[in-house]
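The block underneath contains the structure these notes are about, expressed in structure tokens.
Laboratory data are not the source of any read-out in this text; all were calculated from the coordinates shown. Being a predicted model, the structure only gives us computed values, none of them experimental. Cβ: placed from backbone, ideal geometry, glycine included. Neighbour counts: every protein chain shown.
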């Protein structure tokens, strides 16, 4: 079918302004937060689940691959249309449909920005804890598709822990509704879990019913400085062994700190190997203070040079601005970076840090270490110049060793970014042939034409 006819048929569903086909429009949907780029053939922006269903039916009829997409903030190329096809962008489906205070739930369309949903539920005293670094521009649908995490995962869990129900458009246009408001439900397989983290390979998530919790009334945040990265890693485990579960327990190495300070001028000390951002929260102010004081004491016992507890909302905001600025600030050290996402058992964090530094020394390219140390989720970032073919080849070798060390330490390839394109070559090594076979059968059963996001995961 000629492109003009495809455009007309899609426009009959989503409206003329809901179909993009000019080269200058398509390029905006050809990339995400990685280096992978591939231009789609067409883009459609539906406004409802019904429109998504009709689009999927048409795409199946035309044999056109479908790539679901939110804001394109992913870090695994899961939303990049590597084989062309039709990008179904859900950003126009951006309504919060219901906030149910009695049952502590929120129902929202997939295109709602995560930070906006958080702000809305906090207006009624409720709290949606998942907080990926992309919180101000990532969407709820994208968060669910990649099972996004963030700093608060240590205490509150990942996105999937809050999914109570989904609306999903399946191959052929069928509309599946899963779950509901009951807190307990073991009726059949857990379909919410099946689609959470599926990266758009099994269907298109259009709506979500999400669990909420009471908004914490108190929080205390501390910046802890270490002259030894090993000591910082050890302190993380010591805090958790003491029975303290901070809301966040974030690690930044020296290079990350220096880059942030050079970019933001926040007054961070740079003559140290690592720092931790520790935050406690809850409904009881005395307990929150007691926990931050105990964490501070443990850090000092494990080699901390200093502990600075924020004394105001402004100081607390500054600390979090420092943490959330790491990734963009690294651009001051090198033209390019490859941000990875490995998870190891918490007890293995010191060894993981040592091995990462050894890989960096072996290949002569910096590896910046930061991440959610409390749950073992590290984000090693390799700094390099993409224009140098030798450095590009070196990065590929480093990535392979990076994944190997994670698996060797009993960890995994991804804690929150997903597999997408970038981690496909390593998937069988991580999961084993039996798991791979079962998951392929699930994909074949739900998407026999392989129409949903081909080239991702599988």
- Note on the structure: Expressed in angstrom and rounded, the centroid-to-centroid distance over alpha carbons for region 59-88 and region 315-357 is 29
- Task: Just grab the label-to-label distance for residue 270 and residue 297, each label 7 Å out from Cα along the Cβ direction, in nm (one decimal).
- Result: 3.6
- Message: Using the basic label-point model (7 angstrom from Cα toward the beta carbon), what is the residue 437 to residue 424 distance in nanometres?
- Response: 2.3
- Query: Looking at [x] 112, 61, 41; [y] 68, 59, 44; [z] 79, 49, 34, which value of Cα extents along the principal axes in Å comes from a calculation on the structure shown?
  - Reply: [y]
- Cα gyration tensor, region 1-106 - rounded (a/c under 1.5), prolate or oblate: oblate
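Run the helix sum for the chain: -39,500 (n - 2.57) per DSSP H stretch of 4+ residues, divided by residue count, reported at 222 nm to the nearest 500 deg cm²/dmol.
Taken over the chain, the calculation gives -11000 deg cm²/dmol.
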- For residue 100 and residue 317 in one chain, what is 0.36 nm times their gap in residues minus the Cα-Cα distance, to one decimal in nm? 75.2 nm
- Note on the structure: Taking alpha-carbon centroids only, region 414-428 lies from region 188-249 a number of Å equal to 19
- Degrees, to the nearest 10: 389-408 long Cα axis against longest axis of the chain: 80
- Query: Using mean Cβ contacts within 10 Å as the protection proxy, how do 112-119, 440-447, 279-286, 378-385 order, highest first?
  - Reply: 378-385, 112-119, 279-286, 440-447
- Item | C-alpha center-to-center spacing [region 1-21, region 388-405] in angstrom | 42
- Per-peptide average of other Cβ atoms within 10 Å, ordering 244-251, 178-185 highest first: 244-251, 178-185
- For the Cα atoms of the chain, what angle does the longest principal axis make with the long axis of helix 433-446, in degrees from 0 to 90, nearest 10? 40
- How far is helix 313-324 tilted off the main Cα axis of the chain, in degrees rounded to 10, range 0 to 90? 70
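Please work out the FRET efficiency for the pair residue 238 and residue 397, using the Cβ-Cβ distance as r and a Förster radius of 41 Å; give the result to the nearest 0.05.
Values: r = 35 Å, r/R0 = 0.84.
Here the calculated transfer efficiency is 0.75.
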- Note on the structure: Of 168-177, 407-416, 91-100, ordering from highest average Cβ density within 10 Å down gives 407-416, 168-177, 91-100
